[in-house]
1. Whole number in Å², please: accessible area per residue of segment 257-327, 1.4 Å probe, ligands, DNA and RNA not counted.
2. Assuming R0 = 25 Å, can you tell me the calculated FRET efficiency for the pair Val93 and Phe125, based on Cβ-Cβ distance, to the nearest 0.05?
3. Just to be sure I understand the curve: with the Debye formula and one point per C-alpha of segment 215-266, what is log10 I(q)/I(0) at q = 0.23 Å⁻¹?
4. Just to verify a number: what accessible area does Phe402 come out at with the full protein assembly present, 1.4 Å probe, Å² rounded to tens?
5. Over 26 Å between Cα atoms: which of Lys95/Lys136; Lys94/Lys269; Lys94/Lys136 fall into that group?
6. When a/c is below 1.5 the answer is rounded, else prolate if a/b is larger than b/c, else oblate, so apply that to segment 65-145 with a ≥ b ≥ c taken from the square roots of the Cα gyration tensor eigenvalues.
7. For Ala114 and Leu427 in one chain, what is 0.36 nm times their gap in residues minus the Cα-Cα distance, to one decimal in nm?
8. Using a probe radius of 1.4 Å on heavy atoms only, what accessible surface per residue do you get for segment 102-146? Whole Å² is fine.
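The values are calculated or read from the model by the stated rules, or taken from the named source; none is laboratory data. Since this is a predicted model, take the numbers as computed values, not measurements. All Cβ positions, even for glycine, are placed from backbone atoms using ideal geometry, and neighbour counts span all protein chains on display. Quick note on the areas: whole protein, heavy atoms, side chains included, nothing else; ligands and nucleic acids left out. Shrake-Rupley method; radii C 1.70, N 1.55, O 1.52, S 1.80 Å.
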Amino acid sequence: MRSPARWLKGFLSAALLLVSGLTGLYAQEENQVRLLSEVEIILPENSPVRLNWILPPVDRTLVESRGYERCFSVDAGGFPWVGSGGRLIVNPVKKYFGVLTENYRSFTHLESRALFVAGEEDFGFIAAQDELEYDKETGYPLLVYQPLAPLPGAENPGETIVSRTMRRGENCLYFVVRKSLEQEEYAEKYEVYCFAPGALKKEEGRPAAFPEFILVYASEEPITAVSGNVESTFVAHGQLVLQIVEGESMPAVYYRHPTDLIMELDYSKEAGLFYATNYSVGLMSEGRALEFMWAPSPRIFLRGDSLYVMLPEQAAVLQVEKAAFLGRYNAISREVVAVNDVRVSSGWTSPHIFVGFWPPLLAFILLLIVLIDVLRNQFLGHGKMVWVLMIFLSYLSLLLSFFLFLIFGLNVGFAGGLLVLPYLTVLVYLISGRKQRIKPRQQDQ
């Protein structure tokens, strides 16, 4: 007769072997890469999506003195431009440095190759120069700022403009105007204007090139990000993203992030709507989103079907080539984790059978069948007590994985090692436990 201690020892040994095997399985199939100590990315295997360092990370001590608030843009050739200090503009790949003649708050490239620069009161571009002049303080070439037009937004009675911010759209610019309202303390108003450089409207008394600003949206709720393509505009109010379609009177809820604030949006018809929070980067579609990168304070820029991500703390730029392909995985069936906690295996033969929503339910049913079988039969010594104890612990691990799922999401909850114990209990019982049952004596006929 085997003692309960020997039963438990054998069970735990088998558990350790299975956990070790599954750990290797997860490492191979999740295709998760830790690029830096704070940067992780998960991409579908056997896909055209590729990662390229456009600007490799530098020593953190070299960039800390300048702070992490940097402007970021990518030109038509795929070269990153980084701004720092309100005047310095750098193309680090081409080792080009310049200092703007005026202070700027932001700059961005459009698909038309134009570089627009925005200050406190107006926005414009860098004018062509016949001869270069140099900044006396830095020794870098001076870039002559040519204003194009005042920033949109007027102070109506009872309103005071607090700030005006330029954002990028697909072949258009968006401007977010923040106003304070005098009638209530801390009350504010936000307006979103759109400017399409190619759609200039000539009016009497105005120059032919005077830009036309279109008021797209107004709200009293803080706006954290904007992008779009004139016909369709996406506005983020923290976790909530609205879609404003030209010609429709009311905005529609496009997506709501379950945990984080949407800090940046970038959109194109070719690639879709990408977003960044303070901790992650993802791809958004109506009602769902796919989160594939985790990094501190990422900045994003969409150029064609490639997504460029700047990591401000390392002054590094990463290219996610063929990022538009990720849109195929932002659906009901995929093998990468989404922020709306949807993750489904590709089939019964997939190694991801331990990942998804149905494995815990299946484990619950199998454990119930085993429990009924144990209770209906007799075992040698303390065998019955040991099996009931193991089934109880297996149900406890299922309950714990459920709570982890509610708190941290699917990747931590149902994809963790806690699901190993229920399946291991069922497997060991089918292999050896059923053989240990005491068969009842047959009654004489």
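1. Details: 2050 Å² over 71 residues.
Per residue, segment 257-327 has 29 Å² of solvent-accessible surface.
2. 0.70
3. Values returned for q = 0.23 Å⁻¹ are -0.83.
4. Around 90 Å² of this residue is reachable by solvent.
5. Values: Lys95/Lys136 19 Å; Lys94/Lys269 30 Å; Lys94/Lys136 22 Å.
Result: Lys94/Lys269 exceed 26 Å.
6. Rounded.
7. Gain on stretching Ala114 to Leu427: 106.3 nm.
8. 64 Å²
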